[in-house]
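Encoded as C-alpha coordinates, the structure appears first; notes follow it.
The values are calculated or read from the model by the stated rules, or taken from the named source; none is laboratory data. Bear in mind the structure is a predicted one, so any value in this text is a computation, not a measurement. So basically every Cβ, Gly included, is an ideal-geometry build from the backbone, and we count neighbours across all protein chains shown.
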(Lines give C-alpha, C1' and ligand atoms only; values in the text may rest on other atoms or scores of the structure.)
Protein backbone atom coordinates (compact mmCIF):
# COMPACT_ATOMS: atom_id res chain seq x y z
CA UNK A 1 0.00 0.00 0.00
CA UNK A 2 1.25 3.50 -0.85
CA UNK A 3 0.94 6.51 1.44
CA UNK A 4 -1.16 8.35 -1.18
CA UNK A 5 -3.73 5.54 -0.91
CA UNK A 6 -4.89 7.03 2.40
CA UNK A 7 -5.91 10.24 0.64
CA UNK A 8 -7.44 8.29 -2.24
CA UNK A 9 -9.54 6.20 0.14
CA UNK A 10 -11.17 9.37 1.46
CA UNK A 11 -11.50 10.73 -2.08
CA UNK A 12 -13.41 7.62 -3.10
CA UNK A 13 -15.64 7.70 0.00
CA UNK A 14 -16.51 11.39 -0.13
CA UNK A 15 -15.56 12.90 -3.53
CA UNK A 16 -17.67 16.04 -3.31
CA UNK A 17 -17.24 16.42 0.45
CA UNK A 18 -15.00 18.97 2.14
CA UNK A 19 -11.45 17.64 2.49
CA UNK A 20 -9.84 20.84 3.84
CA UNK A 21 -10.89 24.21 5.21
CA UNK A 22 -8.55 27.18 5.42
CA UNK A 23 -9.60 30.73 6.29
CA UNK A 24 -13.23 29.64 5.80
CA UNK A 25 -12.50 28.53 2.22
CA UNK A 26 -13.52 24.95 1.55
CA UNK A 27 -11.68 22.52 -0.72
CA UNK A 28 -13.37 19.30 -1.84
CA UNK A 29 -11.68 15.95 -2.26
CA UNK A 30 -12.26 16.29 -6.00
CA UNK A 31 -10.45 19.65 -6.08
CA UNK A 32 -7.41 18.64 -4.02
CA UNK A 33 -7.25 15.17 -5.57
CA UNK A 34 -7.25 16.58 -9.09
CA UNK A 35 -4.61 19.17 -8.16
CA UNK A 36 -2.36 16.50 -6.64
CA UNK A 37 -2.71 14.43 -9.83
CA UNK A 38 -1.72 17.36 -12.05
CA UNK A 39 1.28 18.06 -9.78
CA UNK A 40 2.28 14.38 -9.94
CA UNK A 41 2.09 14.34 -13.76
CA UNK A 42 4.23 17.50 -13.90
CA UNK A 43 6.76 15.89 -11.57
CA UNK A 44 6.88 12.74 -13.68
CA UNK A 45 7.31 14.86 -16.83
CA UNK A 46 10.63 16.14 -15.45
CA UNK A 47 12.03 12.65 -15.98
CA UNK A 48 13.22 12.39 -12.39
CA UNK A 49 13.14 8.83 -11.02
CA UNK A 50 11.22 7.53 -8.03
CA UNK A 51 12.43 8.66 -4.59
CA UNK A 52 13.71 11.97 -6.04
CA UNK A 53 13.67 14.58 -3.31
CA UNK A 54 11.24 17.46 -3.23
CA UNK A 55 10.60 20.03 -0.50
CA UNK A 56 7.73 22.39 0.25
CA UNK A 57 8.80 25.63 1.96
CA UNK A 58 5.52 26.97 3.28
CA UNK A 59 3.41 27.54 6.32
CA UNK A 60 0.22 25.58 6.99
CA UNK A 61 -1.54 25.83 3.64
CA UNK A 62 -3.84 23.55 1.62
CA UNK A 63 -2.09 24.13 -1.70
CA UNK A 64 1.27 23.45 -0.06
CA UNK A 65 -0.10 20.18 1.32
CA UNK A 66 -1.40 19.28 -2.17
CA UNK A 67 2.22 19.61 -3.37
CA UNK A 68 3.25 17.04 -0.75
CA UNK A 69 0.42 14.77 -1.92
CA UNK A 70 1.64 15.27 -5.49
CA UNK A 71 5.17 14.21 -4.55
CA UNK A 72 3.79 11.07 -2.93
CA UNK A 73 1.52 10.34 -5.90
CA UNK A 74 4.59 10.46 -8.15
CA UNK A 75 6.38 8.13 -5.68
CA UNK A 76 8.89 10.83 -4.86
CA UNK A 77 10.32 11.76 -1.47
CA UNK A 78 9.05 14.70 0.59
CA UNK A 79 11.57 16.71 2.64
CA UNK A 80 9.63 18.53 5.41
CA UNK A 81 10.92 22.10 5.73
CA UNK A 82 9.96 24.03 8.83
CA UNK A 83 8.77 27.54 7.97
CA UNK A 84 9.88 28.63 11.45
CA UNK A 85 13.40 27.25 11.04
CA UNK A 86 16.37 29.54 10.59
CA UNK A 87 17.08 30.15 6.90
CA UNK A 88 20.57 28.64 7.13
CA UNK A 89 19.14 25.51 8.75
CA UNK A 90 16.73 24.97 5.87
CA UNK A 91 19.50 25.63 3.35
CA UNK A 92 21.64 22.98 5.03
CA UNK A 93 18.81 20.42 4.99
CA UNK A 94 17.90 21.01 1.35
CA UNK A 95 21.51 20.68 0.24
CA UNK A 96 22.51 17.79 2.50
CA UNK A 97 19.37 15.83 1.56
CA UNK A 98 19.90 16.41 -2.20
CA UNK A 99 16.69 18.30 -2.87
CA UNK A 100 15.97 18.64 -6.61
CA UNK A 101 12.49 20.21 -6.57
CA UNK A 102 11.52 23.12 -4.34
CA UNK A 103 7.95 24.35 -3.98
CA UNK A 104 7.75 27.63 -2.06
CA UNK A 105 5.20 30.22 -1.01
CA UNK A 106 5.56 33.75 -2.34
CA UNK A 107 6.28 35.10 1.14
CA UNK A 108 9.50 33.06 1.22
CA UNK A 109 10.64 34.09 -2.29
CA UNK A 110 13.19 36.68 -1.04
CA UNK A 111 14.81 34.10 1.26
CA UNK A 112 14.76 31.42 -1.43
CA UNK A 113 16.32 33.83 -3.93
CA UNK A 114 19.10 34.71 -1.46
CA UNK A 115 19.84 31.04 -0.79
CA UNK A 116 19.58 29.90 -4.43
CA UNK A 117 23.35 30.11 -5.15
CA UNK A 118 23.92 27.76 -2.19
CA UNK A 119 21.44 25.19 -3.49
CA UNK A 120 23.06 23.94 -6.70
CA UNK A 121 21.25 20.59 -6.64
CA UNK A 122 17.77 22.12 -6.93
CA UNK A 123 16.69 21.86 -10.58
CA UNK A 124 13.06 23.01 -10.40
CA UNK A 125 11.73 26.07 -8.51
CA UNK A 126 7.94 26.36 -8.24
CA UNK A 127 6.06 29.19 -6.52
CA UNK A 128 2.81 27.69 -5.28
CA UNK A 129 0.80 30.92 -5.03
CA UNK A 130 -1.59 31.83 -7.88
CA UNK A 131 -0.02 33.38 -10.95
CA UNK A 132 -2.34 36.35 -10.56
CA UNK A 133 -3.03 37.94 -7.19
CA UNK A 134 -1.54 40.06 -4.47
CA UNK A 135 2.04 39.08 -5.31
CA UNK A 136 2.15 38.40 -9.08
CA UNK A 137 5.94 38.83 -9.33
CA UNK A 138 6.86 36.31 -6.61
CA UNK A 139 7.66 33.51 -9.05
CA UNK A 140 9.98 35.72 -11.11
CA UNK A 141 11.76 36.98 -7.99
CA UNK A 142 13.59 33.62 -7.90
CA UNK A 143 15.59 33.18 -11.14
CA UNK A 144 14.26 30.22 -13.15
CA UNK A 145 11.15 29.83 -11.01
CA UNK A 146 7.66 29.29 -12.43
CA UNK A 147 4.26 29.56 -10.83
CA UNK A 148 2.50 26.33 -9.90
CA UNK A 149 -0.44 27.27 -12.13
CA UNK A 150 1.83 27.65 -15.18
CA UNK A 151 3.87 24.57 -14.33
CA UNK A 152 0.86 22.22 -14.27
CA UNK A 153 -0.90 23.74 -17.30
CA UNK A 154 -2.01 20.97 -19.65
CA UNK A 155 -1.35 18.17 -17.17
CA UNK A 156 -4.19 15.65 -16.71
CA UNK A 157 -6.14 15.48 -13.48
CA UNK A 158 -6.28 11.68 -13.51
CA UNK A 159 -4.20 9.39 -11.32
CA UNK A 160 -0.89 8.52 -13.00
CA UNK A 161 0.08 4.89 -13.35
CA UNK A 162 2.97 4.57 -10.90
CA UNK A 163 4.43 1.42 -9.35
CA UNK A 164 5.05 1.65 -5.60
CA UNK A 165 7.27 -0.62 -3.54
CA UNK A 166 6.47 -0.67 0.22
CA UNK A 167 10.10 0.12 1.02
CA UNK A 168 10.43 3.11 -1.30
CA UNK A 169 11.47 6.20 0.66
CA UNK A 170 8.72 8.84 0.66
CA UNK A 171 9.77 11.08 3.56
CA UNK A 172 13.21 12.35 4.52
CA UNK A 173 12.95 14.18 7.84
CA UNK A 174 15.62 15.87 9.91
CA UNK A 175 16.42 14.74 13.42
CA UNK A 176 16.74 17.34 16.14
CA UNK A 177 20.47 17.72 15.62
CA UNK A 178 21.19 17.29 19.33
CA UNK A 179 24.58 15.66 18.70
CA UNK A 180 25.78 17.70 15.73
CA UNK A 181 24.24 18.32 12.31
CA UNK A 182 20.76 16.83 11.81
CA UNK A 183 20.55 13.37 10.30
CA UNK A 184 18.07 12.49 7.56
CA UNK A 185 15.52 9.87 8.62
CA UNK A 186 14.26 7.78 5.70
CA UNK A 187 10.64 6.74 6.18
CA UNK A 188 8.84 4.56 3.66
CA UNK A 189 5.35 3.66 2.51
CA UNK A 190 5.60 0.77 4.97
CA UNK A 191 6.54 2.80 8.05
CA UNK A 192 4.05 5.62 7.41
CA UNK A 193 1.16 3.26 6.66
CA UNK A 194 1.94 1.47 9.93
CA UNK A 195 1.62 4.82 11.71
CA UNK A 196 -1.76 5.41 10.05
CA UNK A 197 -2.96 1.93 11.04
CA UNK A 198 -1.95 2.51 14.68
CA UNK A 199 -3.71 5.87 14.77
CA UNK A 200 -6.91 4.45 13.29
CA UNK A 201 -6.89 1.59 15.81
CA UNK A 202 -6.61 4.06 18.70
CA UNK A 203 -8.84 6.92 17.55
CA UNK A 204 -11.94 5.07 16.43
CA UNK A 205 -15.10 6.28 14.68
CA UNK A 206 -18.31 4.66 13.49
CA UNK A 207 -18.59 3.54 9.87
CA UNK A 208 -20.75 6.52 8.89
CA UNK A 209 -18.80 9.18 10.79
CA UNK A 210 -16.56 11.73 9.12
CA UNK A 211 -14.01 13.08 11.62
CA UNK A 212 -12.86 16.70 11.67
CA UNK A 213 -9.14 17.13 12.29
CA UNK A 214 -7.63 20.45 13.34
CA UNK A 215 -4.11 20.96 11.93
CA UNK A 216 -2.92 23.62 14.36
CA UNK A 217 0.69 22.48 14.73
CA UNK A 218 2.99 22.65 11.66
CA UNK A 219 1.93 20.23 8.90
CA UNK A 220 5.64 19.96 8.06
CA UNK A 221 5.98 18.13 11.37
CA UNK A 222 3.55 15.84 13.20
CA UNK A 223 0.30 17.55 12.16
CA UNK A 224 0.72 16.60 8.49
CA UNK A 225 0.94 12.88 9.15
CA UNK A 226 -1.76 13.11 11.82
CA UNK A 227 -4.17 14.50 9.24
CA UNK A 228 -3.93 11.44 6.97
CA UNK A 229 -6.12 9.04 9.01
CA UNK A 230 -8.87 11.68 9.07
CA UNK A 231 -8.56 12.11 5.31
CA UNK A 232 -8.68 8.33 4.81
CA UNK A 233 -12.08 8.29 6.54
CA UNK A 234 -13.46 10.95 4.21
CA UNK A 235 -13.17 13.56 6.95
CA UNK A 236 -12.29 17.24 6.97
CA UNK A 237 -8.97 18.81 7.96
CA UNK A 238 -9.20 22.37 9.26
CA UNK A 239 -5.88 24.10 8.56
CA UNK A 240 -4.74 26.88 10.93
CA UNK A 241 -1.88 29.22 10.18
CA UNK A 242 -0.72 29.25 13.83
CA UNK A 243 -2.00 27.82 17.14
CA UNK A 244 -3.22 31.16 18.52
CA UNK A 245 -5.35 30.13 21.53
CA UNK A 246 -8.40 32.27 20.73
CA UNK A 247 -8.35 31.34 17.02
CA UNK A 248 -7.88 27.68 17.95
CA UNK A 249 -10.85 27.64 20.34
CA UNK A 250 -13.09 29.35 17.80
CA UNK A 251 -12.08 26.80 15.17
CA UNK A 252 -12.86 23.81 17.42
CA UNK A 253 -16.29 25.18 18.29
CA UNK A 254 -17.12 26.57 14.85
CA UNK A 255 -16.09 23.54 12.81
CA UNK A 256 -17.12 20.91 15.38
CA UNK A 257 -13.57 19.52 15.49
CA UNK A 258 -13.33 15.93 16.74
CA UNK A 259 -9.53 15.51 16.95
CA UNK A 260 -6.39 17.59 17.18
CA UNK A 261 -2.79 17.39 18.33
CA UNK A 262 -1.21 20.01 20.59
CA UNK A 263 2.24 20.02 22.20
CA UNK A 264 2.16 20.33 26.01
CA UNK A 265 3.29 23.97 25.93
CA UNK A 266 0.16 25.01 24.02
CA UNK A 267 -2.05 23.01 26.39
CA UNK A 268 -0.40 24.80 29.33
CA UNK A 269 -1.29 28.15 27.80
CA UNK A 270 -4.89 27.07 27.37
CA UNK A 271 -4.99 26.06 31.04
CA UNK A 272 -3.96 29.60 31.95
CA UNK A 273 -7.05 30.78 30.02
CA UNK A 274 -9.43 28.24 31.54
CA UNK A 275 -12.25 30.77 31.97
CA UNK A 276 -12.02 31.67 28.30
CA UNK A 277 -11.92 27.98 27.27
CA UNK A 278 -15.16 27.33 29.18
CA UNK A 279 -16.97 29.95 27.09
CA UNK A 280 -16.70 27.73 23.99
CA UNK A 281 -18.70 24.63 23.12
CA UNK A 282 -15.98 21.99 22.76
CA UNK A 283 -18.32 19.03 23.12
CA UNK A 284 -17.44 17.74 19.63
CA UNK A 285 -13.89 16.87 20.79
CA UNK A 286 -13.18 13.16 21.11
CA UNK A 287 -9.39 13.05 20.92
CA UNK A 288 -7.09 15.83 22.16
CA UNK A 289 -3.68 14.35 21.48
CA UNK A 290 -0.58 15.43 23.37
CA UNK A 291 3.04 14.40 22.87
CA UNK A 292 6.35 15.48 21.27
CA UNK A 293 7.57 16.45 24.76
CA UNK A 294 6.99 15.24 28.34
CA UNK A 295 3.67 16.28 29.89
CA UNK A 296 3.25 17.41 33.48
CA UNK A 297 0.99 14.92 35.29
CA UNK A 298 -0.52 17.73 37.36
CA UNK A 299 -1.30 19.76 34.25
CA UNK A 300 -2.63 16.62 32.54
CA UNK A 301 -5.14 16.27 35.39
CA UNK A 302 -6.12 19.91 34.95
CA UNK A 303 -6.52 19.43 31.19
CA UNK A 304 -8.83 16.43 31.69
CA UNK A 305 -10.91 18.46 34.12
CA UNK A 306 -11.12 21.33 31.63
CA UNK A 307 -11.62 19.50 28.33
CA UNK A 308 -13.23 16.29 29.57
CA UNK A 309 -12.19 12.64 29.04
CA UNK A 310 -10.63 13.27 25.62
CA UNK A 311 -6.89 13.53 26.35
CA UNK A 312 -4.90 11.05 24.26
CA UNK A 313 -1.21 10.48 24.97
CA UNK A 314 1.29 9.38 22.38
CA UNK A 315 4.94 8.48 21.96
CA UNK A 316 6.97 8.21 18.81
CA UNK A 317 10.16 9.37 17.17
CA UNK A 318 11.12 10.61 13.75
CA UNK A 319 12.71 7.18 13.33
CA UNK A 320 9.41 5.51 14.38
CA UNK A 321 6.79 7.99 13.25
CA UNK A 322 4.41 9.15 15.97
CA UNK A 323 3.04 5.83 17.15
CA UNK A 324 5.27 3.59 19.27
CA UNK A 325 2.64 3.77 22.02
CA UNK A 326 -0.68 5.48 22.70
CA UNK A 327 -2.63 6.20 25.88
CA UNK A 328 -6.27 6.46 24.73
CA UNK A 329 -8.80 8.61 26.64
CA UNK A 330 -10.39 5.73 28.55
CA UNK A 331 -7.02 4.47 29.80
CA UNK A 332 -6.55 7.72 31.73
CA UNK A 333 -9.19 6.25 34.05
CA UNK A 334 -9.43 3.12 36.22
CA UNK A 335 -12.89 1.85 37.23
CA UNK A 336 -14.42 5.17 36.29
CA UNK A 337 -12.02 7.25 38.38
CA UNK A 338 -9.10 9.31 37.15
CA UNK A 339 -6.00 7.10 37.31
CA UNK A 340 -3.08 7.75 39.64
CA UNK A 341 0.30 9.22 38.78
CA UNK A 342 1.72 5.82 37.82
CA UNK A 343 -0.71 5.45 34.91
CA UNK A 344 -0.89 9.11 33.92
CA UNK A 345 2.89 9.44 33.75
CA UNK A 346 3.06 6.64 31.18
CA UNK A 347 2.83 7.00 27.40
CA UNK A 348 0.45 4.06 27.16
CA UNK A 349 0.86 0.49 26.03
CA UNK A 350 2.95 -0.28 22.94
CA UNK A 351 0.89 -0.39 19.76
CA UNK A 352 0.00 -3.71 18.11
CA UNK A 353 2.23 -3.52 15.02
CA UNK A 354 5.49 -3.02 16.93
CA UNK A 355 7.39 -4.93 19.58
CA UNK A 356 8.88 -2.87 22.41
CA UNK A 357 11.46 -4.15 24.87
CA UNK A 358 13.80 -2.61 27.44
CA UNK A 359 17.48 -3.45 26.91
CA UNK A 360 20.68 -3.04 28.88
CA UNK A 361 24.04 -1.79 27.58
CA UNK A 362 24.82 -5.28 26.21
CA UNK A 363 21.56 -5.28 24.16
CA UNK A 364 20.05 -7.95 26.41
CA UNK A 365 16.31 -7.73 27.10
CA UNK A 366 15.63 -6.79 30.72
CA UNK A 367 12.84 -8.24 32.90
CA UNK A 368 9.58 -6.30 33.10
CA UNK A 369 9.87 -3.39 35.51
CA UNK A 370 13.62 -2.89 35.03
CA UNK A 371 14.93 0.40 33.64
CA UNK A 372 17.00 0.51 30.46
CA UNK A 373 16.91 1.72 26.87
CA UNK A 374 13.61 1.54 24.99
CA UNK A 375 14.07 -0.52 21.83
CA UNK A 376 11.53 -1.06 19.05
CA UNK A 377 11.12 -3.62 16.25
CA UNK A 378 8.53 -3.83 13.48
CA UNK A 379 7.20 -2.22 10.30
CA UNK A 380 7.10 1.24 11.93
CA UNK A 381 10.89 1.55 11.79
CA UNK A 382 12.67 3.91 9.42
CA UNK A 383 14.69 2.44 6.58
CA UNK A 384 17.78 4.13 7.99
CA UNK A 385 19.66 7.43 8.06
CA UNK A 386 20.28 9.05 4.69
CA UNK A 387 23.78 8.36 3.40
CA UNK A 388 24.90 7.39 6.91
CA UNK A 389 25.32 3.60 7.04
CA UNK A 390 27.50 3.65 10.15
CA UNK A 391 24.98 5.71 12.13
CA UNK A 392 22.20 3.46 10.88
CA UNK A 393 24.08 0.36 11.99
CA UNK A 394 24.68 1.89 15.43
CA UNK A 395 20.98 2.70 15.85
CA UNK A 396 19.33 -0.40 14.35
CA UNK A 397 20.99 -3.46 15.84
CA UNK A 398 19.70 -6.94 14.89
CA UNK A 399 16.46 -5.38 13.73
CA UNK A 400 15.92 -3.37 16.94
CA UNK A 401 15.86 0.41 16.82
CA UNK A 402 17.61 1.84 19.87
CA UNK A 403 15.59 4.96 20.66
CA UNK A 404 18.05 6.63 23.04
CA UNK A 405 15.19 6.94 25.54
CA UNK A 406 15.46 5.42 29.01
CA UNK A 407 12.37 3.83 30.51
CA UNK A 408 10.58 0.76 31.79
CA UNK A 409 7.40 -1.26 31.25
CA UNK A 410 5.29 -1.61 34.38
CA UNK A 411 3.35 -4.64 35.67
CA UNK A 412 0.27 -3.64 33.62
CA UNK A 413 2.23 -3.30 30.39
CA UNK A 414 2.38 0.51 30.30
CA UNK A 415 5.51 2.12 28.91
CA UNK A 416 7.21 4.84 30.95
CA UNK A 417 9.88 7.18 29.60
CA UNK A 418 12.31 8.19 32.32
CA UNK A 419 14.44 10.47 30.17
CA UNK A 420 16.58 10.76 27.11
CA UNK A 421 19.75 8.74 27.61
CA UNK A 422 21.89 11.80 26.91
CA UNK A 423 19.94 13.89 29.46
CA UNK A 424 20.65 11.61 32.41
CA UNK A 425 22.70 13.36 35.11
CA UNK A 426 25.47 11.51 36.95
CA UNK A 427 26.03 13.30 40.23
CA UNK A 428 28.46 11.83 42.73
CA UNK A 429 28.11 8.43 41.06
CA UNK A 430 24.30 8.42 41.24
CA UNK A 431 22.10 8.36 38.13
CA UNK A 432 19.58 11.20 38.30
CA UNK A 433 16.71 11.31 35.80
CA UNK A 434 15.60 14.93 35.23
CA UNK A 435 11.99 13.98 34.51
CA UNK A 436 11.43 13.03 38.16
CA UNK A 437 12.29 16.51 39.44
CA UNK A 438 10.49 18.12 36.50
CA UNK A 439 7.23 16.39 37.43
CA UNK A 440 7.50 17.72 40.99
CA UNK A 441 8.31 21.28 39.90
CA UNK A 442 5.50 21.23 37.31
CA UNK A 443 3.06 20.45 40.12
CA UNK A 444 3.57 23.90 41.69
CA UNK A 445 0.76 26.23 40.55
CA UNK A 446 3.14 29.12 39.84
CA UNK A 447 5.19 27.09 37.35
CA UNK A 448 4.38 27.13 33.67
CA UNK A 449 7.29 24.96 32.49
CA UNK A 450 10.75 23.85 33.55
CA UNK A 451 13.81 21.89 32.51
CA UNK A 452 16.23 20.05 34.78
CA UNK A 453 19.81 19.68 33.59
CA UNK A 454 23.26 18.78 34.90
CA UNK A 455 25.77 21.60 35.35
CA UNK A 456 29.49 21.50 36.22
CA UNK A 457 30.35 20.84 39.86
CA UNK A 458 33.89 20.47 41.21
CA UNK A 459 32.85 18.04 43.94
CA UNK A 460 30.13 15.90 42.33
CA UNK A 461 31.06 16.16 38.65
CA UNK A 462 27.55 17.32 37.84
CA UNK A 463 25.02 19.11 39.98
CA UNK A 464 21.28 19.14 39.39
CA UNK A 465 19.91 22.51 38.27
CA UNK A 466 16.35 23.51 37.36
CA UNK A 467 15.58 26.29 34.92
CA UNK A 468 12.04 27.49 35.52
CA UNK A 469 9.51 29.53 33.56
CA UNK A 470 6.71 30.97 35.71
CA UNK A 471 3.10 31.72 34.90
CA UNK A 472 2.42 35.39 34.21
CA UNK A 473 1.92 37.37 37.39
CA UNK A 474 2.90 34.53 39.74
CA UNK A 475 5.92 34.05 41.97
CA UNK A 476 7.72 31.32 43.88
CA UNK A 477 11.26 31.43 45.21
CA UNK A 478 13.98 28.86 44.60
CA UNK A 479 14.08 27.68 48.22
CA UNK A 480 10.40 26.70 48.11
CA UNK A 481 10.79 24.63 44.94
CA UNK A 482 13.94 22.94 46.20
CA UNK A 483 12.19 22.08 49.48
CA UNK A 484 9.25 20.65 47.54
CA UNK A 485 11.59 18.42 45.52
CA UNK A 486 13.49 17.24 48.60
CA UNK A 487 10.20 16.35 50.29
CA UNK A 488 9.09 14.27 47.28
CA UNK A 489 12.40 12.89 46.02
CA UNK A 490 15.12 13.26 48.64
CA UNK A 491 18.27 15.32 48.40
CA UNK A 492 20.20 13.46 45.67
CA UNK A 493 17.51 13.84 42.98
CA UNK A 494 16.61 17.41 43.88
CA UNK A 495 17.97 20.57 42.24
CA UNK A 496 20.78 22.24 44.13
CA UNK A 497 20.09 25.56 42.39
CA UNK A 498 17.26 27.08 40.37
CA UNK A 499 17.39 29.78 37.73
CA UNK A 500 14.25 31.63 36.62
CA UNK A 501 13.89 32.69 32.98
CA UNK A 502 11.25 34.59 31.04
CA UNK A 503 11.13 31.90 28.35
CA UNK A 504 12.78 28.53 27.85
CA UNK A 505 14.37 27.85 24.44
CA UNK A 506 12.04 25.68 22.37
CA UNK A 507 11.91 23.94 19.01
CA UNK A 508 9.22 24.93 16.47
CA UNK A 509 6.93 22.26 17.97
CA UNK A 510 7.41 23.41 21.55
CA UNK A 511 10.00 20.94 22.81
CA UNK A 512 12.41 22.48 25.33
CA UNK A 513 15.93 22.50 23.89
CA UNK A 514 18.00 21.21 26.78
CA UNK A 515 21.15 21.21 24.68
CA UNK A 516 20.94 25.00 24.37
CA UNK A 517 20.39 25.32 28.12
CA UNK A 518 23.34 23.09 28.95
CA UNK A 519 25.64 25.00 26.61
CA UNK A 520 25.21 28.12 28.71
CA UNK A 521 26.59 26.35 31.78
CA UNK A 522 29.22 24.10 30.18
CA UNK A 523 30.82 26.76 27.98
CA UNK A 524 34.57 26.84 28.56
CA UNK A 525 34.76 23.22 29.71
CA UNK A 526 36.07 20.33 27.65
CA UNK A 527 32.80 18.40 27.84
CA UNK A 528 30.86 17.85 24.61
CA UNK A 529 27.19 18.77 25.06
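Of the residues 468, 464, 447, the single one that is touching a residue at least 24 places away in the same chain (Cβ under 8 Å) and more than 20 Å from residue 299 (Cβ to Cβ) is 464. Would a scan of the stretch 206-215 turn up a residue that is surrounded by fewer than 21 Cβ atoms within 10 Å (Cβ to Cβ), under 29 Å from residue 380 (Cα atoms) and in the same structural domain as residue 332 (by TED's automatic domain parsing)? No. Once the stretch 485-511 is narrowed to residues that are assigned to a loop (DSSP other than H, G, I, E, B) and over 32 Å from the mean Cα position of the chain (by Cα), the residue that is nearest to residue 429 (Cα to Cα) is 492.
Any residue at all in the stretch 475-484 that's surrounded by 14 or more Cβ atoms within 10 Å (Cβ to Cβ), under 24 Å from the mean Cα position of the chain (by Cα) and not assigned by TED's automatic domain parsing to the domain that holds residue 266? Looking through the stretch 475-484, none of the residues is surrounded by 14 or more Cβ atoms within 10 Å (Cβ to Cβ), under 24 Å from the mean Cα position of the chain (by Cα) and not assigned by TED's automatic domain parsing to the domain that holds residue 266. Among the residues of the stretch 374-406, those that are at pLDDT 95 or above, over 15 Å from residue 185 (Cα atoms) and either surrounded by 21 or more Cβ atoms within 10 Å (Cβ to Cβ) or touching a strand residue (DSSP E or B) at 6+ places or on another chain (Cβ under 7 Å) (or both) comprise 374, 375, 376, 377, 378, 399, 400. Looking only at the stretch 271-289, which residues are within 25 Å of residue 450 (Cα to Cα) and surrounded by fewer than 22 Cβ atoms within 10 Å (Cβ to Cβ)? Answer for the stretch 271-289, where residues must be within 25 Å of residue 450 (Cα to Cα) and surrounded by fewer than 22 Cβ atoms within 10 Å (Cβ to Cβ): 271, 272, 273, 274, 275, 276, 277.
Hey, among the residues in the stretch 246-268 that are loosely packed, with under 15 Cβ neighbours inside 10 Å and either in contact with a helix residue (DSSP H, G or I) (Cβ under 7 Å, 6 or more places away or on another chain) or without any contact (Cβ under 8 Å) to a residue 12 or more places away in the chain (or both), which one's nearest to residue 442 (Cα to Cα)? So, considering only residues that are loosely packed, with under 15 Cβ neighbours inside 10 Å and either in contact with a helix residue (DSSP H, G or I) (Cβ under 7 Å, 6 or more places away or on another chain) or without any contact (Cβ under 8 Å) to a residue 12 or more places away in the chain (or both), the one nearest to residue 442 (Cα to Cα) is 247. If you filter the stretch 410-442 down to residues that are touching a strand residue (DSSP E or B) at 6+ places or on another chain (Cβ under 6 Å) and more than 17 Å from residue 372 (Cα to Cα), you find that the one that is surrounded by the fewest Cβ atoms within 10 Å (Cβ to Cβ) is 427.
Would you pick out the residues in the stretch 485-520 that are more than 21 Å from residue 293 (Cβ to Cβ) and crowded, with 18+ Cβ neighbours inside 10 Å? Across the stretch 485-520, the qualifying residue is only 494. Being outside any helix (DSSP H, G or I), at pLDDT below 95 and more than 31 Å from the chain's Cα centre (by Cα) is a property that does not hold for residue 130.
What strands (runs of 3 or more DSSP E) lie completely within the stretch 405-477 and have 3 or more residues being closer than 28 Å to residue 326 by Cβ?
Correct list: 415-420, 447-457.
In summary, residue 19 fulfils each of the numbered conditions (1) touching a helix residue (DSSP H, G or I) at 6+ places or on another chain (Cβ under 8 Å); (2) modelled with pLDDT under 95 with the single exception of condition (2). Being surrounded by 19 or more Cβ atoms within 10 Å (Cβ to Cβ), closer than 30 Å to residue 505 by Cβ, modelled with pLDDT of 95 or more and not assigned by TED's automatic domain parsing to the domain that holds residue 323 is a property that residue 184 has. Name the single residue, out of those in the stretch 227-245 being within 10 Å of residue 214 (Cβ to Cβ) and modelled with pLDDT under 95, that is surrounded by the fewest Cβ atoms within 10 Å (Cβ to Cβ). Step by step, filter the stretch 227-245, then rank; the result is 240. Of all residues in the stretch 85-109, exactly one satisfies the criterion of being modelled with pLDDT of 95 or more and surrounded by fewer than 16 Cβ atoms within 10 Å (Cβ to Cβ), namely 95.
For the stretch 210-234, the tally of residues that are over 18 Å from the mean Cα position of the chain (by Cα) and assigned to a strand (DSSP E or B) stands at 1. In the set (1) in contact with a helix residue (DSSP H, G or I) (Cβ under 6 Å, 6 or more places away or on another chain); (2) in a loop (DSSP other than H, G, I, E, B), the condition left unmet by residue 207 is number (1). Taken residue by residue, the stretch 270-288 has no member that is touching a helix residue (DSSP H, G or I) at 6+ places or on another chain (Cβ under 8 Å), in contact (Cβ under 8 Å) with a residue 60 or more places away in the chain, closer than 30 Å to residue 385 by Cα and assigned to a loop (DSSP other than H, G, I, E, B).
The set of residues in the stretch 477-501 that are under 23 Å from residue 265 (Cβ atoms) and out of contact with any strand residue (DSSP E or B) (no Cβ under 7 Å at 6 or more places or on another chain) comprises 484, 485.
Go over the candidates 302, 337 one by one and state the one that is surrounded by fewer than 19 Cβ atoms within 10 Å (Cβ to Cβ) and either under 20 Å from residue 267 (Cα atoms) or touching a helix residue (DSSP H, G or I) at 6+ places or on another chain (Cβ under 9 Å) (or both).
Answer to the check: 302.
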